[in-house]
């Protein structure tokens with residue numbers, strides 16, 4: 001167990017929560033997607049139209065309103081009032097699954113070692129990820145899965161970051177209070193502000209981000225690599 005001082009108050013650290021995509025794993029390499037494909041082309045929908053409709057449904061994809069990618073894609077066709085080929089949809093889904101598996105195939109050893117060091121301090125480790133089912137099919141087979149004391153996938157709990165409820169669920173699962181917890185994420189979905197409003201101490205994970213992106217987020221301590229969190233914890237013992 002470790003602690004830090006905030007506004008004159010001694011805060012005991014009982015848990016550290018991590019985001020998943022662009023925090024523990026990344027879809028990008030040398031400025032390009034590791035695996036990229038064009039669902040719009042495969043479905044016969046104009047690229048800008050598809051991106052707009054897919055983006056509109058992001059929250060509903062994350063919070064489980066759409067139980068799977070198929071239901072979301074069918075809804076897009078219904079909204080556009082266009083006919084669809086179910087085989088084309090299934091092909092797109094399979095391509096998406098394969099694309100989402102790739103980031104799990106190479107986990108940064110420093111990230112794994114950092115998590116292990118946190119656990120050796122008798123601090124619990126949790127995951128809080130906004131995701132749809134097809135995005136985490138590879139999770140159970142990764143070296144990360146066995147390291148976490150609790151895993152929260154947004155679609156399973158029917159709420160997503162930055163909603164306060166998802167942080168409350170995460171803390172409840174580990175039987176810790178938000179003020180005794182740290183959240184580390186790349187800042188997508190306004191997750192850092194959400195964590196702070198929920199009472200957690202939030203840190204900005206920048207190690208997978210280009211500088212021009214990381215600079216857009218301010219007001220949170222920045223971590224240039226995963227192990228940067230360790231001196232913060234150790235220095236406040």
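Brief remarks follow.
- Positions within region 223-234 being touching a helix residue (DSSP H, G or I) at 6+ places or on another chain (Cβ under 7 Å) and surrounded by fewer than 18 Cβ atoms within 10 Å (Cβ to Cβ), in sequence order: 225, 227, 230
- Verdict on residue 143 being surrounded by fewer than 18 Cβ atoms within 10 Å (Cβ to Cβ) and in a loop (DSSP other than H, G, I, E, B): yes
- When 97, 89 are checked against the criterion of being within 20 Å of the chain's Cα centre (by Cα) and either at negative phi or at pLDDT below 95 (or both), a single residue qualifies: 97.
- Condition check for residue 30 on (1) over 25 Å from the mean Cα position of the chain (by Cα); (2) at pLDDT below 95; (3) exposed (fewer than 14 other Cβ atoms within 10 Å of the Cβ): one failure, at (1).
- Of the residues making up region 39-62, those that are within 21 Å of the chain's Cα centre (by Cα) and over 14 Å from residue 75 (Cβ atoms) are 51, 62.
- Filter result (farther than 12 Å from residue 137 by Cβ and touching a strand residue (DSSP E or B) at 6+ places or on another chain (Cβ under 7 Å)) within region 104-125: 107, 115, 118, 119, 121, 123, 124, 125
- Hey, residue 36 assigned to a loop (DSSP other than H, G, I, E, B), more than 27 Å from residue 126 (Cβ to Cβ) and either over 17 Å from the mean Cα position of the chain (by Cα) or modelled with pLDDT of 95 or more (or both) or not: yes
- Number of the exception - residue 40 against (1) surrounded by 17 or more Cβ atoms within 10 Å (Cβ to Cβ); (2) touching a residue at least 12 places away in the same chain (Cβ under 8 Å); (3) farther than 24 Å from residue 162 by Cα: (2)
- Test: residue in region 189-198 that is at pLDDT 95 or above and assigned to a strand (DSSP E or B): no
The values are calculated or read from the model by the stated rules, or taken from the named source; none is laboratory data. Keep in mind it's a predicted model, so treat the numbers as computed, not measured. Here Cβ is always computed from backbone atoms with ideal geometry, including for glycine, and neighbour counts include all displayed protein chains.
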